[in-house]
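Enquirer: The structure is given below, and queries will be raised subsequently.
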Amino acid sequence: MQAIYEGKAKRLWTTEDPHTLRMEFKNDATAFNGEKKASFEDKGRLNNAISTLIYQYLEEVGVPTHFVRKIDDTNVEVRKVEILMVEVIVRNVSAGSFSKRTGMPEGKDFSQPIIEFSYKSDELGDPLINDDYIREMGLASVEDMAHLRKSALKVNEILIALFADVGLRLVDFKLEFGRLASDPSKIVLADEISPDGCRLWDLKTGEKMDKDRFRRDLGNVMDAYREVLARLQARISE
Ligand code: TMP
Ligand code: ASP
């Protein structure tokens with residue numbers, strides 16, 4: 001079987017079934033558009049375990065995803081999709097590039113979630129775009145965009161509650177969607193959901209439990225991921 005895609009933190013492999021792929025979680029981590037690089041022992045396993053729990057949970061509560069099953073520590077089987085070149089970012093609390101762009105300090109709860117889009121292009125550094133850009137760039141139709149917004153808000157509601165249950169504040173996160181290879185009229189949630197692409201703050205202490213520990217050199221990066229997994233495992237069993 002051959003690798004058909006290598007990203008910063010994952011690899012995709014073909015399988016015997018043309019509509020199914022194997023997604024491998026790597027130990028590599030990057031930040032700031034790949035400028036900062038590191039490798040963390042066990043990251044692939046931890047992210048796979050966290051993402052698997054979350055995708056199984058989302059499927060159970062009725063969110064269609066690419067997830068099929070966990071294969072082993074660092075691999076899952078997924079339905080093949082054509083990824084939409086639009087990253088969907090949902091923000092519940094000011095942080096990160098929102099705070100940088102606006103000057104609003106980190107940690108302010110928004111009255112309603114903010115949805116933001118970026119063009120998935122490593123070359124251009126994933127620039128911020130809006131619905132009008134997306135329409136004119138032909139990245140997704142107006143109907144598709146309505147679907148992405150609705151799905152992202154639904155996932156947000158589900159995940160806010162899930163993380164709150166385990167003492168974590170879901171500050172923001174990034175989602176990717178794709179069209180099923182077996183039925184391109186269907187758009188499903190793809191990629192992964194892990195501390196690599198979410199900001200999670202401990203509800204009691206405010207401690208950062210996500211990739212900001214790496215971005216901001218806070219140390220104990222994998223301890224935080226391990227803690228997120230332990231809490232989710234105690235809440236939902238695999
Ligand atoms: P930001 O504040 O840097 O824009 O990030 C918002 C959220 O999206 C944060 O939880 C991290 C996630 N994210 C990714 O997963 N990949 C990316 O390339 C970027 C820029 C953000
Ligand atoms: N994932 C992006 C990168 O690797 C940005 C980030 O998460 O900070 O550069």
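What follows draws every value from the coordinates through simple rules; no lab data is involved. On a predicted model such as this, the values are computed, not experimentally measured, just so you know. When we count neighbours, we look across all protein chains shown, and the Cβ atoms used for this are built from the backbone with ideal geometry, even at glycine.
Enquirer: Assuming R0 = 30 Å, what is the FRET efficiency of Asp17 and Val63, from their Cβ-Cβ distance, to the nearest 0.05?
Expert: Details: r = 23 Å, r/R0 = 0.76.
So, using R0 = 30 Å, E works out to roughly 0.85.
Enquirer: How many angstrom lie between the Cα centre of segment 166-190 and the Cα centre of segment 91-110?
Expert: The two parts, judged by their Cα centres, are 23 Å apart.
Enquirer: Report the relative contact order of segment 62-143, percent, no decimals, based on alpha-carbon pairs under 8 angstrom and at least 6 residues apart.
Expert: Working: 97 pairs, mean separation 18.1, N = 82.
Contact order relative to length: 22 percent.
Enquirer: In the chain, with Lys and Arg counted as +1 and Asp and Glu as -1 at Cβ, which of these residues, Ile187, Cys198, Asn48, has the Cα nearest the positive end of the dipole, that is, farthest along it?
Expert: Cys198
Enquirer: Quick check on the chain: helices-only [θ] at 222 nm, where DSSP H runs of length 4 and up contribute -39,500 (n - 2.57) each and the sum goes over total residues. Nearest 500, please. Intermediate results must be reported in sequence, preceding the final value.
Expert: On the way: 6 runs with 75 residues, N = 238.
Calculated at 222 nm, the ellipticity per residue is -10000 deg cm²/dmol.
Enquirer: About its Cα centre, how strong a charge dipole does segment 1-116 have in debye, to the nearest 20, once Lys and Arg get +1 and Asp and Glu get -1 at the Cβ? Can you show the working numbers first?
Expert: On the way: 17 positive and 18 negative charges, 74 e Å.
For segment 1-116, the charge dipole is close to 360 debye.
Enquirer: Got the relative contact order for segment 110-199 handy, in percent, Cα pairs under 8 Å and 6 or more residues apart? Numbers along the way, then the final one.
Expert: Values: 70 pairs, mean separation 14.1, N = 90.
Here the relative contact order equals 16 percent.
Enquirer: Also, quick follow-up: Order the peptides 84-91, 68-75 from the highest to the lowest mean number of other Cβ atoms within 10 Å of their residues. Write out the running numbers ahead of the final one.
Expert: Values: 84-91: 20.6, 68-75: 15.1.
Highest to lowest by the protection proxy: 84-91, 68-75.
Enquirer: Considering every Cα-Cα pair within segment 45-84, what fraction, in whole percent, is farther apart than 14 Å?
Expert: On the way: 357 of 780 pairs.
Looking at segment 45-84, the distances longer than 14 Å represent 46 percent of pairs.
Enquirer: Ignoring solvent entirely, what values of log10 I(q)/I(0) come out of the Debye formula for segment 99-238 at 0.20, 0.21 Å⁻¹ when each Cα is a single scatterer?
Expert: Rounded to two decimals, the profile gives -1.39, -1.45.
Enquirer: Is segment 96-178 rounded, prolate or oblate when judged by the Cα gyration tensor, a ≥ b ≥ c being the square roots of its eigenvalues, rounded requiring a/c under 1.5 and prolate requiring a/b larger than b/c? Each step should come with its number before you reach the end.
Expert: Numbers: a/c = 2.12, a/b = 1.38, b/c = 1.54.
Oblate, since a/c reaches 1.5 and b/c is not below a/b.
Enquirer: Restricted to Cα positions, what overall size does segment 1-128 have along the principal axes? Three whole-Å values, descending.
Expert: Principal-axis extents of the Cα atoms in segment 1-128, largest first: 50, 36, 28 Å.
Enquirer: To continue, here is another question. For the pairs Lys100/Lys150; Lys10/Lys80; Lys154/Lys186, note any where the Cα-Cα span goes beyond 22 Å. Please list the in-between numbers first.
Expert: Working: Lys100/Lys150 27 Å; Lys10/Lys80 15 Å; Lys154/Lys186 17 Å.
Among Lys100/Lys150; Lys10/Lys80; Lys154/Lys186, the Cα-Cα distance tops 22 Å for Lys100/Lys150.
Enquirer: Give a residue-ordered list of calculated ³J(HN,Hα) values for segment 184-201 (Karplus: 6.51 cos²θ - 1.76 cosθ + 1.60, θ = phi - 60°; whole Hz; x for Gly, Pro).
Expert: x, 6, 9, 9, 10, 5, 10, 6, 9, 10, 8, x, 5, x, 10, 9, 10, 10
Enquirer: Treat every Asp and Glu Cβ in the chain as -1 and every Lys and Arg Cβ as +1, leave all other atoms uncharged, and give the resulting dipole magnitude about the Cα centre to the nearest 20 debye. Let's see the in-between values first.
Expert: Numbers: 36 positive and 42 negative charges, 93 e Å.
The dipole of the chain has a size of about 440 debye.
Enquirer: List the residues, sorted by chain then number, that are 5 or more residues from Lys120 or on another chain and whose placed amide H is less than 5 Å from its amide H.
Expert: Under 5 Å from the amide H of Lys120 lie the amide H atoms of Val86, Glu87, each far enough along the sequence or on another chain.
Enquirer: Can you find, among Leu84, Ala224, Gly138, the residue farthest towards the positive end of the dipole of the chain? Put +1 on the C-beta of Lys and Arg, -1 on that of Asp and Glu.
Expert: It is Ala224.
Enquirer: If you count, for each residue, the other Cβ atoms within 10 Å and average over each peptide, how do 20-27, 140-147 line up from highest to lowest? Could the numbers behind the result be given before it?
Expert: Numbers: 20-27: 20.0, 140-147: 14.1.
Ranking, from highest mean packing down: 20-27, 140-147.
Enquirer: Please state the shape class of the chain: rounded when a/c is under 1.5, otherwise prolate if a/b exceeds b/c and oblate if not, all from the C-alpha gyration tensor. Please list the in-between numbers first.
Expert: On the way: a/c = 1.36, a/b = 1.10, b/c = 1.24.
Rounded is the answer for the chain, as its axis ratio a/c remains below 1.5.
Enquirer: Still on this model: If you place +1 on the Cβ of every Lys and Arg, -1 on the Cβ of every Asp and Glu, and leave all else neutral, what size is the dipole of segment 88-192 about its Cα centre, to the nearest 20 Debye?
Expert: Details: 13 positive and 18 negative charges, 57 e Å.
The dipole of segment 88-192 has a size of about 280 debye.
Enquirer: While we're on this one: Sort 223-233, 186-196 by the packing proxy (mean of other Cβ within 10 Å over each peptide's residues), most packed first.
Expert: Values: 223-233: 18.9, 186-196: 22.5.
Ranked by mean Cβ neighbours within 10 Å, highest first: 186-196, 223-233.
Enquirer: Rounded, prolate or oblate: which fits segment 1-66 when a ≥ b ≥ c are the square roots of the eigenvalues of the alpha-carbon gyration tensor, with rounded for a/c under 1.5 and prolate only if a/b beats b/c?
Expert: Here segment 1-66 falls in the oblate category.
Enquirer: Using Cα-Cα distances under 8 Å and only pairs 6 or more residues apart, what relative contact order does the chain have, in percent? Write out the running numbers ahead of the final one.
Expert: Working: 436 pairs, mean separation 45.4, N = 238.
Rounded, it is 19 percent for the chain.
Enquirer: Obtain the radius of gyration and the Kirkwood radius of segment 189-237 from its C-alpha atoms and give Rg over Rh.
Expert: On the way: Rg = 11.2 Å, Rh = 11.4 Å.
Taking Rg over the Kirkwood Rh, I get 0.98.
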